[in-house]
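Visitor: Below is the structure I would like to discuss, written out as structure tokens.
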Amino acid sequence: MTPKIRKILIAIIIVLIIAFLAIGLPRLLDKTHRKIVKEPEILAALGQKASFEIVKVFPHDPECYTQGLLFDEGLFYESCGLYGESWMRIANPETGETIGPPSCLRNILPKVWPC
């Protein structure tokens with residue numbers, strides 16, 4: 001490689017680096033600043049006061065991916081499943097056993113929950 005070609009290549013590399021620093025870098029930095037997610041006010045108000053404590057562990061059906069959960073009168077009312085495959089159940093919290101669907105579903109969805 002001749003000294004003249006080497007000087008041209010070095011000049012091209014320097015121009016490319018300067019172009020990146022002048023054009024590309026500010027755009028990259030600007031994008032990271034736009035990705036900041038604002039915390040909901042209710043969470044910000046909690047600050048360091050929010051905490052949790054596990055007071056009891058219940059058995060659970062590993063085939064039931066919990067979507068929603070309600071505890072009422074000693075029973076779990078739980079919606080389970082994945083997208084397009086949801087179902088509801090009543091479960092005994094002590095054993096994790098499914099007792100059946102909520103009674104309102106027996107009337108609405110008899111094919112899904114035969115009585």
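Derivation of every value follows stated rules applied to the coordinates shown; laboratory data play no part. None of these values were measured; they are calculated from a predicted model. Because the Cβ atoms are built from the backbone with ideal geometry, glycine has one as well, and the counts that use them run over all protein chains shown.
Visitor: Going by average Cβ density within 10 Å per residue, which order do the peptides 56-62, 78-84 take, highest to lowest? Don't skip to the answer; put the middle values down first.
Guide: Numbers: 56-62: 9.9, 78-84: 12.9.
For the peptides 56-62, 78-84, the packing ranking is 78-84, 56-62.
Visitor: Give me the extension gain from residue 99 to residue 23: residue separation times 0.36 nm, minus the current Cα-Cα distance, reported in nm with one decimal. It would help to have the intermediate numbers written out before the result.
Guide: On the way: separation 76, 0.36 × 76 = 27.36 nm, distance 6.41 nm.
Between residue 99 and residue 23, full extension yields 20.9 nm more.
Visitor: Using R₀ = 30 Å, calculate the FRET efficiency as 1/(1 + (r/R₀)^6) where r is the Cβ-Cβ separation of residue 79 and residue 56; round to 0.05. Write down the numbers at each step before the final one.
Guide: Details: r = 21 Å, r/R0 = 0.72.
It comes out at approximately 0.90.
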